[in-house]
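Here the structure comes first, spelled out in structure tokens, and everything after it is commentary.
Every number in this text was worked out from the coordinates using simple rules, so none of it is lab data. It should be emphasised that the depicted structure is a prediction, and the values quoted were computed from it without experimental measurement. Every residue, glycine as well, gets a Cβ built from its backbone with ideal geometry; the counts of neighbours run over all protein chains shown.
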Amino acid sequence: MATFAEQMQKIFDRYNAEVDPNPVSLDEVAAWALQNGLYRPEPRDVAKLCRDALAESLRQEKRVDEKGRKYRAKHSVKTNIGGSQLSLWADIDKAPRLFMEKSFAQRRKSVVDDCFQVKQDVDHYNDQHPDDTPIPLVLDFTDDVAEIEAAGRKGREDDVA
């Protein structure tokens, strides 16, 4: 059985063969696929859309504490329950410490993974262009974080003045 991605690729290929082989907006392909009954989302897809919209909205919710720090209100932890991977969500001001420790550790690992990948990319680029000055990559963010904190403090001081 074809994967979901392969099914979507076949819809696009069929559109190219039956309708128009020229470059096309995916809005047109989607309308054609729906009109011809080639794409029928299952009810659980609607639930997944709702879940994804909830997650995106929760990631964006910010609060300001008594010291003027803007912080993210909702956090998640990816976990396996009964063989299924789930993301559990909680409010930072109400979540148990262990939950928040796991959330912060997972977010830190995500940052490390991104740093590793950008290092791989920079190293590859530099190796492929040996006659150019290598592109530097600093992975110590201490100064960057301090600058953002200082700018935040300055902004709060300006608001008070």
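List the residues whose amide H sits under 5 Å from the amide H of Ile92, counting only those 5 or more places along or on another chain, with H placed 1.01 Å from N in the peptide plane.
Here the answer is Lys74, His75, since their amide H atoms fall under 5 Å of that of Ile92.
For the stretch 98-123, list residues with backbone N below 18 Å from a point placed 7 Å from the Cα of Thr79 toward its Cβ?
Residues 98-108 fall inside that zone.
If a/c stays under 1.5 just call it rounded; otherwise compare a/b with b/c (prolate if a/b is bigger, oblate if not). Do that for the stretch 1-91, with a ≥ b ≥ c from the square roots of the Cα gyration tensor eigenvalues.
Prolate is the answer for the stretch 1-91, as a/c is 1.5 or above and a/b outweighs b/c.
Given the pairs Lys48/Lys94; Lys48/Lys74; Lys48/Lys119; Lys48/Lys78; Lys67/Lys94; Lys109/Lys154, which span a C-alpha to C-alpha distance of over 22 angstrom in this model?
Going by Cα-Cα distance, Lys48/Lys94; Lys48/Lys119; Lys109/Lys154 fall outside the 22 Å limit.
Roughly how many debye, to the nearest 20, is the charge dipole of the stretch 71-138 about its Cα centre, given +1 on each Lys and Arg Cβ, -1 on each Asp and Glu Cβ, and no other charges?
Values: 10 positive and 10 negative charges, 162 e Å.
Roughly 780 debye, rounded to the nearest 20.
Which order do the peptides 71-77, 27-33 come out in when sorted by mean C-beta neighbours inside 10 angstrom, highest first?
Those peptides, ordered most packed to least, come out 71-77, 27-33.
For Leu26 and Arg107 in the same chain, what is the full-extension length gain: residue separation times 0.36 nm, less their Cα-Cα distance, in nm? Mind showing how you got there, number by number?
Values: separation 81, 0.36 × 81 = 29.16 nm, distance 3.32 nm.
Result: 25.8 nm gained on full extension.
Which distance in Å, rounded to a whole number, links the C-alpha centroids of the stretch 35-88 and the stretch 95-113?
Between the Cα centres of the stretch 35-88 and the stretch 95-113 lies a distance of 16 Å.
What does the net charge come to around Lys78 if you take all other residues with beta carbon closer than 11 Å to its beta carbon, with K and R at +1 and D and E at -1?
My count for the surroundings of Lys78 gives +3.
Work out the FRET efficiency for Ala146 and Leu54 from their Cβ-Cβ distance, taking R0 = 45 Å, and round it to the nearest 0.05.
Here the calculated transfer efficiency is 0.85.
Assuming 1.306 mPa s and 10 °C, estimate D for the chain with Stokes-Einstein, Rh taken as the Kirkwood radius over Cα pairs, in µm²/s.
In µm²/s, the coefficient is 75.
Which of Leu98, Val19, Thr142 sits closest to the plus end of the dipole of the chain, meaning its Cα is farthest towards the positive end, when Lys and Arg get +1 and Asp and Glu get -1 on the C-beta?
Of the listed residues, the answer is Leu98.
About its Cα centre, how strong a charge dipole does the chain have in debye, to the nearest 20, once Lys and Arg get +1 and Asp and Glu get -1 at the Cβ?
That gives a dipole near 1240 debye.
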